[in-house]
Amino acid sequence: MTSELLNQIKEPADLRALGRDELEQLASEIREFMIEKISRTGGHLSPNLGIVELTLALHRVFDSPTDRIYWDVGHQAYVHKIVTGRQDGFDTLRSFGGMAGYPSRTESEHDFVENSHASVALSYGLGNAIANAAEGNGRYTIAVIGDGALTGGVAYEALNHIAVSKPPNLIIVVNDNGRSYAPTVGGLAALAHLRFDPRYEHAKKLMGRILRSLPIVGDTADELAFRVKEGFKQLVEPATFFDVLGLKYSGTLDGHDFEALEEAFEHAKDMGEPAIVHVITEKGRGYEPAINDEVEKLHGVGTFDVESGKPTSSELKMTNIAAGAVLHEARKNEDIIAISAAMISPTGLSEMADEFPDRVIDTGITEQHAVALAAGLAMSGKRPVVALYSTFMQRAFDELMMDVALHNLPVTFLLDRAGVTGPDGPSHHGAFDLSFLRMIPGMTIGAPSDAYELCAMVAAGIRHDGPMAIRFPKNGAGSVPSLPVDPIEIGVWEEIDSGSQVLMLATGRMVEHAQKAASTLGQKGVSAGVVNARWVKPMDERLLDWVRSYPLVVTLEDNVVSGGFGAGVLEAVSPHGLADRIRVLGLPDSFLPPGSAADVLKSVGLDAESIAATVLEFVAGG
């Protein structure tokens, strides 16, 4: 691959010296660069292939970091990283100690938030625009929202506020690649930037002045002027949601046309009030395997073969196991309905959607609605299964508490990517679910240690008369259970090994680490027992007996220690005067970096070797 122009781009200012032909060449080089790098590291491929011209145009028209650009969803910021001096970092993309896959404030002055959860950039942008207006500094705020982020309710809350407050110099770029609000194609695209043309604005104002000068019967001059101007606008392009809010709206632009983009941004700068620039982009542009992928357009990928676009690994994940178990139950029970928030394929529900299209619901990026919808279905006799990433479950905490748990509804939550997820970094580690789930009255929480237990918990959840959350990691599944699997008894743990000096109570993926640590401890003369504490709530009634039998009990979890499984064990044994026997090991009170699960766990002392060393210290300390 030749990168003649790309190698010359060290900062956004370098883009402004390029002519149109050079910009086209640079766009091509950037696409080749990303395909090559992401094929080796994995990452969000297609969203970034589609936003190349848009990113270059933004950085040519605006002056980052003086003008702030917020990216929503943050995974579409790779091109932004490339043109802000981080090309070399792509060899370490999403690896431990390497470059983040999302904007990162520690990486660059051009990144302002760690915004990898969707739909919040408009709120960030409004806050910045209000602050700029108060200071009178004339700076611009640009919020780029796309890739489905405009399905999120919080974005509309922000738009509602923007329509009322109308701070100057706030520009909202709707990157419409077929997954966001409003039509993506149509004859109106030819009128794209007329609504932003100064001549259009001048004509409206002139018409208003003429009408106000005429003698009027009935309506006031101002009312008539408003009506006629609105009628004129309708002749140009029918009203949109943005027009109803009273926001300046560009109409649809070709998101790969440098000239149209830059002209629209220049006009938007002169509006003196919030403006919407709506661009149509092609997800996966320039890479045929992505364009031809009808399901996800190769949205988020692991390592892959550049020629074919096929993944280089076909390892079966716990995700696939969970989804297969749900599908098996759905074939027997027509009341089962699966729900996910823009994550049907990533949570493994595509096969069920193909077989039962009316019983799989994609709500868009709307976790709150997804959970409240499940409550409504459960109240009506259905057995909803909500499949979300652990990190996104946080967004629906109120609905989980007040709509599902308060009514003790039979909703099963499959929380994928629980614990340390790996390369997507601090916003995506599922490090908090045990803590916030444990506090919810009536909530049953399962943490399976393997694929078999996962299937057994799915069977138990679907039959359980109340809410149940099953959290599992982004792991390979190992063996594939033969279905059906009998439901696993709620609240019963599994004693794997017995010992005399120390007992390790481990949840989920930490069971394997505990077993390896116990083996190491045995080699060093320490007798260690291991219990698979597969139910975090309710806990096994034998807990007190186990604690009384061992002078030292160590809890292990890939959740923050604050309020997690270990905290629950302490709560259970403290009234009996046994708290001094408990030691809690879990994730620290901090946001964890990107990297493989093995690297991150080792960095916080939760790999098998580190656990064994820590337990030895506990034993030696008495």
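The values are calculated or read from the model by the stated rules, or taken from the named source; none is laboratory data. Please read these numbers as outputs of a predicted model, since none were measured by experiment. Here the Cβ positions follow ideal geometry from the backbone for every residue, glycine too, while neighbour counts run over all protein chains shown.
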Query raised in the report: Tally time: how many residues in the range 406-431 are in a loop (DSSP other than H, G, I, E, B) and within 30 Å of Ser104 (Cβ to Cβ)?
Result: 12
**Report entry** Near pairs, Cβ below 6 angstrom, 6+ apart or cross-chain, from the range 4-15 (touching a residue at least 40 places away in the same chain (Cβ under 8 Å)) to any residue that is assigned to a loop (DSSP other than H, G, I, E, B) and of a type outside the set (Phe, Trp, Tyr)
**Finding:** Lys10/Gly85; Glu11/Gly85; Pro12/Ser64
Report summary line: Of (1) within 30 Å of Pro423 (Cβ to Cβ); (2) part of a helix (DSSP H, G or I), Ala620 satisfies every one except (1)
Report task. Return the pairs, sorted by first residue and then second, in which the second residue is polar (S, T, N, Q), the first residue lies in the range 595-618 and is modelled with pLDDT under 95, the beta carbons are less than 6 Å apart, and the residues are 6+ apart or on different chains. Result -> Gly595/Ser95
Query raised in the report: If you take the residues of the range 529-565 that are hydroxyl-bearing (Ser, Thr, Tyr) and surrounded by fewer than 21 Cβ atoms within 10 Å (Cβ to Cβ), which of them is nearest to Ile582 (Cα to Cα)?
Result: Tyr550
Report summary line: Here the residues within the range 573-582 that are assigned to a helix (DSSP H, G or I) and touching a helix residue (DSSP H, G or I) at 6+ places or on another chain (Cβ under 8 Å) are Val573, His576, Ala579, Arg581
Report task. Being of a type in the set (A, V, I, L, M) and touching a residue at least 40 places away in the same chain (Cβ under 8 Å) is the filter here, so list the residues in the range 372-412 that pass it. Result -> Leu377, Val385, Val386, Ala387, Leu388, Met393, Leu400, Val404, Ala405, Leu409, Val411
Query raised in the report: Looking at Leu570, Leu556, Leu585, which is the one that is without any contact (Cβ under 8 Å) to a residue 40 or more places away in the chain, touching a strand residue (DSSP E or B) at 6+ places or on another chain (Cβ under 6 Å), farther than 30 Å from Thr303 by Cα and not in a helix (DSSP H, G or I)?
Result: Leu585
Report task. Could you name every one of the helices (runs of 4 or more DSSP H) located completely within the range 243-349 that has at least 2 residues being within 26 Å of Met34 (Cα to Cα)? Result -> 258-269, 288-291
Query raised in the report: Restricting to the range 358-394, what's the tally of residues that are touching a His at 6+ places or on another chain (Cβ under 9 Å) and part of a helix (DSSP H, G or I)?
Result: 7
Requested in this report: Answer yes or no: is there a residue in the range 519-532 that is assigned to a helix (DSSP H, G or I), farther than 20 Å from Ile470 by Cβ and touching a residue at least 60 places away in the same chain (Cβ under 8 Å).
Outcome: yes
Query raised in the report: Within the range 513-528, can you find the residues that are crowded, with 22+ Cβ neighbours inside 10 Å and more than 14 Å from Gln501 (Cβ to Cβ)?
Result: His513, Ala514
Query raised in the report: surrounded by fewer than 20 Cβ atoms within 10 Å (Cβ to Cβ) and more than 21 Å from the chain's Cα centre (by Cα) - does that describe any residue in the range 108-115?
Result: yes
Report task. Quickly run through the range 402-436 and pick out the residues that are modelled with pLDDT of 95 or more, out of contact with any helix residue (DSSP H, G or I) (no Cβ under 6 Å at 6 or more places or on another chain) and small (Gly, Ala, Ser). Result -> Ala405, Gly419, Ala431, Ser435
Query raised in the report: Do we have any residue at all in the range 427-443 that's surrounded by fewer than 20 Cβ atoms within 10 Å (Cβ to Cβ) and over 17 Å from Val560 (Cβ atoms)?
Result: yes
Query raised in the report: Can you name the number of the only condition in (1) under 22 Å from Arg438 (Cβ atoms); (2) out of contact with any Lys or Arg (no Cβ under 7 Å at 6 or more places or on another chain) that Val554 fails?
Result: (2)
Query raised in the report: Say we look at the range 538-553 and pick out the residues that are part of a helix (DSSP H, G or I) and out of contact with any helix residue (DSSP H, G or I) (no Cβ under 7 Å at 6 or more places or on another chain); which of these is farthest from Val615 (Cα to Cα)?
Result: Asp545
Query raised in the report: Scanning the range 317-354 for residues that are of a type in the set (Lys, Arg) and over 20 Å from Ser479 (Cα atoms), which turns out surrounded by the most Cβ atoms within 10 Å (Cβ to Cβ)?
Result: Arg331
Report task. Answer yes or no: is there a residue in the range 376-383 that is in the same structural domain as Phe436 (by TED's automatic domain parsing), under 23 Å from the mean Cα position of the chain (by Cα) and at pLDDT 95 or above. Result -> no
Report summary line: Scanning the range 116-136 for residues that are over 17 Å from the mean Cα position of the chain (by Cα) and assigned to a loop (DSSP other than H, G, I, E, B) gives Gly136
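Yes/no per residue for (1) in contact with a Pro (Cβ under 6 Å, 6 or more places away or on another chain); (2) at positive phi; (3) of a type in the set (S, T, N, Q); (4) surrounded by 14 or more Cβ atoms within 10 Å (Cβ to Cβ):
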{"site": "Val279", "(1), (2), (3), (4)": "no, no, no, yes"}
{"site": "Asn292", "(1), (2), (3), (4)": "no, no, yes, no"}
{"site": "Leu298", "(1), (2), (3), (4)": "no, yes, no, yes"}
{"site": "Gly309", "(1), (2), (3), (4)": "yes, yes, no, yes"}
{"site": "Thr312", "(1), (2), (3), (4)": "no, no, yes, no"}
